[in-house]
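Following: one structure in structure tokens, then a few remarks.
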Amino acid sequence: MYIIPAIDILDKKVVRLREGDYNQITNYDVTLEEMIERYQSHGTNFIHIIDLNGAKGDFSNQEYLFNIIKKTDMKVQYGGGVRTIEKVKELIGAGVHRVIVGTQAITNPAFLGELSEALCVKEKQANQVVIAIDVLDEVIKYSGWMESSPVKLIDYVDKCLSLGFFRFLCTDIDKDGKLGGAGIELYEKLLDHSPFIKLIASGGVSSMKDIEQLNKIRVESCVVGKAIYENRITIEEVKNWNLQALVSI
């Protein structure tokens with residue numbers, strides 16, 4: 001299992017939300033460029049960047065973010081405001097390692113089928129698409145976690161799999177930003193249903209003990225943000241864990 005450090009951006013500032021609530025924001029006195037440099041200088045080559053403005057349909061950050069992403073040689077997993085197939089292709093073409101699609105896949109029934117036709121014929125590109133599943137009490141949320149979908153969680157996973165998508169970023173909203181532990185039960189349910197999906201866990205990681213628990217249930221990777229910012233997990237610990245993970249692959 002690989003640890004992917006997270007950087008959330010709101011109004012061009014590095015922040016973290018609690019339970020996805022835009023009224024519960026923690027601001028950090030560091031820029032996106034400084035965070036990328038900090039991770040890179042400590043041997044990390046993979047980061048997770050979310051445009052929180054974009055997640056709400058506000059694309060004012062995108063030019064700023066794209067310019068920074070194009071300049072780094074870090075592998076970037078990017079999400080927030082990816083609404084079109086053209087944007088997915090643009091990001092992949094610009095060197096983004098993985099593109100996260102969320103709201104559009106939920107609200108537009110035709111989107112995933114069209115994206116599958118456009119990308120899944122090429123195995124490499126299918127591997128670069130991550131389906132975001134943001135969950136609160138087993139209800140899928142979207143649009144910055146402000147809206148609820150009537151689609152059942154397992155049914156949605158099955159639909160995605162049938163279209164050729166196999167990598168999922170699952171955020172347990174109830175755990176997110178609380179530093180109270182990861183949503184092990186939720187991830188176990190998904191993996192019990194579909195053992196071969198590539199699952200990226202997100203939300204609640206507070207210590208290396210949480211990392212070890214996630215590793216035991218065999219998630220592919222986990223996203224860690226607030227625990228790093230608040231020194232619950234050091235960048236050196238991330239580096240050492242990821243070096244071991246690479247050796248074991």
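The values are calculated or read from the model by the stated rules, or taken from the named source; none is laboratory data. The model shown is predicted, which means the values in this text are computed figures rather than measured ones. Virtual Cβ from ideal backbone geometry, glycine too; neighbours counted across all protein chains shown. With ligands, DNA and RNA removed, areas are computed over all heavy atoms of the protein, side chains included. Shrake-Rupley method; radii C 1.70, N 1.55, O 1.52, S 1.80 Å.
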Give the ranking of K175, K70 by solvent-accessible surface, highest area first, calculated with a 1.4 Å probe.
K70, K175
At 222 nm, what helix-only mean residue ellipticity would the chain give, in deg cm²/dmol to the nearest 500, using -39500 (n - 2.57) for each DSSP H run of four or more?
-10500 deg cm²/dmol
Taking the C-alpha atoms of the range 1-59, how large are the radius of gyration and the largest Cα-Cα span, Dmax, in Å?
12.1, 34
Any idea how many Lys pairs in the range 66-155 come in under 28 angstrom at the alpha carbon, given 8 or more places apart or on separate chains?
21
Quick one: Karplus J couplings for the range 241-246, per residue in order, coefficients 6.51, -1.76, 1.60, θ = phi - 60°, nearest Hz, x for Gly and Pro?
5, 5, 4, 5, 5, 5
The range 1-75 and the range 141-194: distance between their alpha carbon centers, rounded to Å:
21
Going from most exposed to least, what order do S194, S162, S148 have by accessible area with a 1.4 Å probe?
S162, S148, S194
When a/c reaches 1.5 or more, the comparison of a/b and b/c decides; with that in mind, is the range 1-101 rounded, prolate or oblate per its Cα gyration tensor?
oblate
Ignoring ligands, DNA and RNA, what accessible area per residue does the chain give at 1.4 Å, in Å²?
46
Please sort by residue number the trypsin sites (Lys or Arg not before Pro) in the range 6-63 whose DSSP state is loop and whose Cβ has at most 16 other Cβ atoms within 10 Å.
K12
For the chain, what is the relative contact order in percent, using Cα pairs closer than 8 Å and at least 6 residues apart in sequence?
21
Using the per-residue mean of other Cβ atoms lying within 10 Å as a proxy for protection, in what order, highest first, do the peptides 57-65, 129-137 fall?
129-137, 57-65
How would the chain be classified by its alpha-carbon gyration tensor: rounded, prolate or oblate, with rounded meaning a/c under 1.5 and the a/b versus b/c comparison settling the rest?
rounded
Net lengthening on full extension, K216/F196 (0.36 nm per residue, minus Cα-Cα):
5.7 nm
Each residue of the range 68-85 in order: what ³J(HN,Hα) in whole Hz does its phi give by Karplus 6.51 cos²θ - 1.76 cosθ + 1.60, θ = phi - 60°, with x for Gly and Pro?
5, 4, 5, 7, 9, 9, 5, 6, 10, 9, 10, x, x, x, 7, 10, 10, 5
Ignoring ligands, DNA and RNA, what percent of the 1.4 Å accessible area of the chain is carbon and sulfur?
47
